[in-house]
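The values are calculated or read from the model by the stated rules, or taken from the named source; none is laboratory data. Just so you know, these numbers come straight off a predicted model, no measurement behind them. Here the Cβ positions follow ideal geometry from the backbone for every residue, glycine too, while neighbour counts run over all protein chains shown. Side chains included, ligands, DNA and RNA excluded: accessible areas come from the protein's heavy atoms. Shrake-Rupley method; radii C 1.70, N 1.55, O 1.52, S 1.80 Å.
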Amino acid sequence: MKPLTVFASKFGGKVALNPEFVVEHAQRYYLLNPALRKIVKRNFYCAGMYLGKVKGGVFFPSFNLLNMLVPIAANKVILDRKAAWLFICGRDIFRKGIVQSMGSQRRGDCTLVLNEYGECLGFGMLAADLGDASGRVVFRNVLDVGDFLRREG
Amino acid sequence: MSGKEFFANRYRQLGWSFREVEPRQAIRINQVNAKGKNLPERLRSLGVELEKIPFLKEGYWVGKSRVSAGATAEYLLGLYSIQEAAAQIPATLFAGVKGKTVLDACAAPGGKTTQLADLMGKGSVIVALDVNKQRLAALANHLERCHVRCCVVYRLDARQASSLDLKFDRILLDVPCSGNFVSDPKWFSRRTLVDVQRNSKVQREILTEAANCLAPNGEIVYSTCSLEPEEDELNMDWAVKTLGLQIQVVNCLGEDGLTAVYGQKLDDSVSRCRRIWPGETQGFFVCKLKKRLNTP
């Protein structure tokens, strides 16, 4: 549970998960629903909602977890259509691609990235204070949904 | 016992004249994830031409497209899946899956698993099985992309499903099969009748295990994308006569199942199966089964 709550706190949010329904298996975390909880055996490959994994001491969130954070996280940026496309292609973001920002605008902070429809495309880290930078990369891509394609590539 | 001429002659004996068929890409809208998002319009605004598939509730054919349907943000966000049109049929044939415990016995890469999840509500469970590690990884990705919450996946052969010690209300058997020439351009040079017979044997073993795991009044949907009757009607005839299963009437695309195959007369109820010769879709076969009332 700790890696999940620590990760959520980086976005200025507190994720409320019932520990009874969170299962750790092979350093991966899953959230089960009550019906699944009753029948799941220990030797599963994956189960319920995948939340993320710990590898080499680092927590890698799932997109399910990022989606859960959207309504509770304070730090978010909304990108315009072009920047959203570049972001899911794995690119960093310039200031001009950010339509709206909420929460922290300080360098080094983690921020969820949303498209114009409010859908979560991933997350990144501010490479510069949002107020300062013009024309420079202000947002480093850490994880984006294009990862689904890259995983299977 | 292989080659294009050999198989085309077999199809002719079954009443179908071989012709080349161009596969059409199809998508299925994930209704839960795409609710209220007017997805067809969003895709059209990206330059994707869509045509509603008349025999499917959530299916669209993809026409000309400025972007790859498998690389849009909407796809990556799980708003739709790429799934061949005929392959969208089996999961819709169950008489309700809400609140049920469902076995997807040969689940990877997960197109039908995510479809089942989309049709199920709270309190439902999918148990998905597959044996191939690479295919399991693809299944897990598919489940994550589509935000599926109600599924547990085991690395387990469908022929060992009873080791889970569960009874299932619904069992989807999209069994490993020989496939067909529409989805594999080299099919005729790859496949022989020996492959077909080997697959048929495995399919019967899977059917036997499924019958053992089926809850009272439960349903099995059996499907293949094989055109070979050994994997289709002959297996269903065998299941009726050996496993105490009864073939149910289904209402979907396709012709009646064959009841006379290469001189062999099959149970009349096999006509309730649906055989889809290549044309609008790839070749496909689907059938719904229930236990006979007096079967233990």
## Note on the structure
Expressed in angstrom and ordered largest first, the alpha-carbon extents of region B:207-296 along the principal axes are 40, 27, 20
### Summary
Expected field for residue B:16, accessible surface area in Å² at 1.4 Å probe radius, rounded to 10, holds 30
### Heavy-atom accessible area, 1.4 Å probe, ligands and nucleic acids excluded: residues of region A:37-55 down by at least 50 Å² from chain alone
A:39, A:41, A:45, A:46, A:49
### Task
Report Rg/Rh for the protein assembly as shown, rounded to two decimals, where Rg is the Cα radius of gyration and Rh the Kirkwood radius.
1.02
### Task
Would you mind giving the three semi-axes, in whole Å and largest first, of the ellipsoid equivalent to region A:1-113 according to its Cα gyration tensor?
30, 15, 13
### Task
Select from chain B the helices, each a whole stretch of DSSP H, whose alpha-carbon atoms run 20 Å or more along the helix axis and whose Kyte-Doolittle mean is at least -0.5; answer none if there are none.
B:193-213
### Task
Report the Stokes-Einstein translational diffusion coefficient (µm² s⁻¹, integer) for region B:1-126, Rh taken as the Kirkwood radius over Cα pairs, at 37 °C with viscosity 0.692 mPa s.
198
### Message
Quick check: pseudo-label points 7 Å beyond the Cα along Cα→Cβ at residue B:12 and residue A:74, how many nm apart are they?
### Response
7.7
### Task
Keeping every protein chain in place, order A:78, A:88 by accessible area at 1.4 Å, biggest value first, i.e. largest first.
A:78, A:88
### Query
Could you state the number of Å between the C-alpha centres of region A:93-153 and region B:137-193?
37
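Ranked by accessible surface with a 1.4 Å probe, highest first, in what order do B:142, B:147 come?
My answer, sorted largest first, is B:147, B:142.
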### Query
Got a sec? Which residues of region A:71-93 lose 10 Å² or more of accessible surface with every protein chain in place, vs. that chain alone, 1.4 Å probe?
A:81, A:85, A:88
### Query
Can you tell me the Rg and the Dmax, both Å, for the Cα atoms in chain B?
18.8, 57
#### Entry: Residues in region B:66-80 that, when all protein chains are in place, have 30 Å² or more less accessible area than the chain alone would give (probe 1.4 Å)
B:71, B:73, B:76, B:77
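Antiparallel versus total DSSP beta bridges in region B:85-291: what percent is that, nearest 5?
Around 50 percent antiparallel, to the nearest 5.
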### Message
To make sure I understand the rule: partners must be lysines, Cα under 16 Å from the Cα of residue B:290, and not fewer than 8 residues away in the same chain. Which ones qualify?
### Response
B:100, B:167, B:241
### Task
Please work out the average accessible area per residue across region B:24-83, using the 1.4 Å probe convention, and give it in Å².
46
## Note on the structure
Ignoring ligands and nucleic acids, chains A and B bury, in total, an accessible area (1.4 Å probe) to the nearest 100 Å² of about 2700
### Task
Can you give me the three principal axis dimensions of region B:29-100 from its C-alpha atoms, in Å, biggest first?
39, 22, 18
### Query
Once both labels are modelled 7 Å past Cα along the beta-carbon direction, what's the residue B:64-residue B:186 spacing in nm?
3.3
## Note on the structure
Log10 I(q)/I(0) at q = 0.11, 0.12, 0.14, 0.19 Å⁻¹ for region B:62-218, from Debye over equal alpha-carbon scatterers, is -0.48, -0.57, -0.77, -1.28
### Query
How much mean residue ellipticity at 222 nm does chain B get from its helices, if each DSSP H run of length 4 or more adds -39500 (n - 2.57) and you divide by all residues, to the nearest 500 deg cm²/dmol?
-7500 deg cm²/dmol
### Query
Based on DSSP H runs of at least 4 residues, each adding -39500 (n - 2.57), what is the mean residue ellipticity at 222 nm of chain A after dividing by all its residues, to the nearest 500 deg cm²/dmol?
-5500 deg cm²/dmol
### Query
At residue A:125 and residue B:262, where each label point lies 7 Å from the Cα along Cα→Cβ, what is the point-to-point distance in nanometres?
6.4
### Task
Please say if region B:121-167 is rounded, prolate or oblate, where rounded means a/c under 1.5 for a ≥ b ≥ c the square roots of the C-alpha gyration tensor eigenvalues, and otherwise the choice is prolate for a/b larger than b/c and oblate otherwise?
oblate
### Task
For region B:221-296 and region B:1-43, write down the distance between their C-alpha centroids in whole Å.
19
### Query
Between residue B:165 and residue A:60, what FRET efficiency comes out of the Förster formula 1/(1 + (r/R0)^6) with R0 = 41 Å and r the beta carbon distance, rounded to 0.05?
0.75
### Task
Can you tell me the relative contact order of region B:117-251? Whole percent, Cα pairs under 8 Å, sequence separation 6 or more.
25
### Message
I'd like the carbon and sulfur percentage of the solvent accessible area for the protein assembly as shown, probe radius 1.4 Å, heavy atoms only, ligands and nucleic acids excluded.
### Response
50
### Message
Which log10 I(q)/I(0) values does region A:76-152 give at q = 0.20, 0.25 Å⁻¹ under the Debye formula, counting every alpha carbon as one identical point scatterer?
### Response
-0.74, -1.15
